[in-house]
Amino acid sequence: MKIVALNGSPREQGSTSALMNEALKAAKERGAEVKAYFLNGMKIKGCQSCYACRAHGQCVLQDDMQELYGEIANAAGIIFATPVYMWQVTAQLKAAIDRLYPFLKPDHSSYLAPGKKVLLAVTQGRPDTTLFHHYFEHVGKNLSFLGFGEYKILIAGGTHKPEELLEQTAVLEDARRMGIWLAE
Ligand SMILES: Cc1cc2nc3c(=O)[nH]c(=O)nc-3n(C[C@H](O)[C@H](O)[C@H](O)COP(=O)(O)O)c2cc1C
């Protein structure tokens, strides 16, 4: 089974990567094949609203998203990792999420095979991890609507620097548990 992670942080060695990697490590130890994509280093244009995907089921924009379509379709689990920016996902991740529109059929059913698991792995500067939870529920529900299955949300707070994440042993343990869940 394959687990694909989309990292929306602009800092490749930042807190979000550290959180995401902990989950990926646990999934790999359980025998999953894992692959992480650093969206900030990829060419992913914002959706152009051409609706060609509605006619053909495929996005006509020829950029790095094309690789992700295949990877996501073949994955059993997907990690959407992001720091909170202005109470939301980063622009890098939002661009990729908008581009998931081709997975939706015109009748709003999904081209995706059922049963995919999703982990939303989030870091934020504010220590109170309840602050944006409702927003990430909203993101998770939107992904379920697109055809992704069950989702779980993991939020680490007070993580401006990766060291501030790495000292949170309970959160790291949660990340490992989530990685195992993805690989089950
Ligand atoms: C532009 C910007 C906006 C941010 N907005 C928020 C925010 O709304 N709430 C919050 O708690 N932290 C906010 N932060 C802090 C980051 O979420 C936090 O430092 C995060 O853990 C960094 O992850 P990274 O190491 O992967 O870059 C913001 C940081 C930046 C640069």
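The values are calculated or read from the model by the stated rules, or taken from the named source; none is laboratory data. Just so we're clear, the structure is a prediction, and the values are computed from it rather than from any experiment. When we count neighbours, we look across all protein chains shown, and the Cβ atoms used for this are built from the backbone with ideal geometry, even at glycine. Each accessible area value is taken on the protein alone, full model and side chains, heavy atoms only, with ligands, DNA and RNA left out. Shrake-Rupley method; radii C 1.70, N 1.55, O 1.52, S 1.80 Å.
Points to keep in mind about this one:
- Of all DSSP beta bridges confined to the stretch 2-183, the antiparallel ones make up roughly 5%.
- The angle between the Cα long axis of helix 169-183 and the main principal axis of the chain comes to about 30°, on a 0 to 90 degree scale.
- For the chain, with +1 on Lys and Arg beta carbons and -1 on Asp and Glu, the positive-most of M42, F132, P162 along the dipole: M42
- Excluding ligands, DNA and RNA, the accessible surface per residue across the stretch 2-183 is 48 Å² with a 1.4 Å probe.
- The amide H of E150, built 1.01 Å from its N in the peptide plane, has V118 as neighbours under 5 Å, considering only residues 5 or more places off or on other chains.
- Among the listed pairs K43/K117; K116/K161; K28/K105, a Cα-Cα separation exceeding 29 Å is found for K116/K161; K28/K105.
- Protein accessible area in the chain, 1.4 Å probe - carbon and sulfur %: 53
- Angle in degrees between helix 65-74 and the longest Cα principal axis of the chain, rounded to the nearest 10: 80
- When peptides 25-33, 89-97, 126-134, 77-85 are ranked by their average number of other Cβ atoms within 10 Å per residue, the highest-first order is 77-85, 89-97, 25-33, 126-134.
- Computed per residue of the chain from DSSP H runs no shorter than four, each worth -39500 (n - 2.57), the mean residue ellipticity at 222 nm is -11500 deg cm²/dmol.
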